[in-house]
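Structure first, commentary second.
None of the figures in this text is laboratory data; all of them are computed from the coordinates on show. Please read all numbers here as calculations on a predicted model, not as lab measurements. Note: ideal-geometry Cβ built from the backbone for every residue, glycine included; neighbour counts use all protein chains shown.
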Amino acid sequence: MVGNGSSPLTVGDGETEDGSGSRKPTTRPIQSEKDGGYVTFEGCNLFEIIDTTRSMRRLKSDPVPDALIERIIAAGTRAPSGQNTQPWAFLVVRDATAKRWLQKRYFAVMQRAMGERRPSPDDHSPSARNMRAALHLAEHLHEAPVLLLVCGARDWPFAVAAENRRGLAPPSYGSTFPAVQNILLACRALGLGATLTTMHQMFETELCERFEIPDTHGVVALIPIGYPLGRFGPVRRKPPREVTHLDRWGSPWPV
Ligand SMILES: Cc1cc2nc3c(=O)[nH]c(=O)nc-3n(C[C@H](O)[C@H](O)[C@H](O)COP(=O)(O)O)c2cc1C
């Protein structure tokens, strides 16, 4: 439940809080009765959220209140999509057996992908730390309270000519990833850790069968969500100037 007892989906969901008919931004505190004491706030500074939304792969197993999951999914559904087709669908996996099923397969493909490239414990480079964290996630995936499967309706990209369209179309990645990013930002805003993962693609057919996902949809991302063990911090990225050109490629943006 949210502060005043209304469903979180009514907040910022096009409905009004005061019955006036006008849409209001969601900036008030949100607290769950079931959250074991967690208090989270919405309406934090957008740029602070953007600058500190990084992959949080070490998660507590403490449950995440339904109200927050609903709010996160609502944020996903606010994303843009081609022709406003809104091709997304969400599968919230909380069942312990189902999470273990996913973890076993995710871990197996991660191990295969990593092969001999496991970093030595004394390697503290960013890529080694990243790999260790990714492996930790694979080992502990089932301990995350929520594994969110973000699905996308299958649709051939324009660039694939009709005569080349064979088998199932891929899920509409371009129109689903904005929703994925909104979800990551919403998690961060609510103090929840999350990571965009795609290793499930290596066992997607089996995955769709296991969760009865119809042929109309594919799984675009698997996002483990939970309260983080570590702290949020700034993302490490190239400086914008390094990747920005003015008027023609190669002409630097002036200082
Ligand atoms: C398309 C895409 C696929 C990704 N797949 C995985 C994945 O399968 N497993 C994983 O641990 N992280 C995955 N990531 C997360 C990236 O590794 C991560 O965002 C990147 O290294 C930057 O680190 P940061 O998010 O901590 O800033 C993926 C990110 C993107 C955008």
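Some notes on this structure:
- Neighbour counts of other Cβ atoms within 10 Å put Val64, Val160, Val180 in the fewest-to-most order Val160, Val180, Val64.
- DSSP-assigned coil residues among trypsin sites (Lys or Arg not before Pro) in the range 146-255, each with at most 12 further Cβ atoms within 10 Å: Arg165, Arg166, Arg231, Arg236, Arg237, Arg248
- Entry note, the range 54-243: relative contact order of 37 percent, from Cα contacts under 8 Å with a spacing of 6+ residues.
- Among the GluC sites (Glu not before Pro) found in the range 117-219, those both in a DSSP coil and sparsely packed, with 15 or fewer other Cβ atoms within 10 Å of their Cβ, are Glu212.
- Cut-off 14 Å between beta-carbons: net charge of the residues surrounding Gly250, Lys and Arg +1, Asp and Glu -1: 0
- Counting neighbouring beta carbons within 10 Å and listing from fewest to most, the residues Ser81, Ser127 come out as Ser127, Ser81.
- Summed side-chain charge close to Val219 - residues other than Val219 whose Cβ falls under 13 Å, Lys, Arg +1, Asp, Glu -1: -2
- Dipole magnitude for the range 54-243: about 720 debye, using +1 per Lys or Arg Cβ and -1 per Asp or Glu Cβ, origin at the Cα centre.
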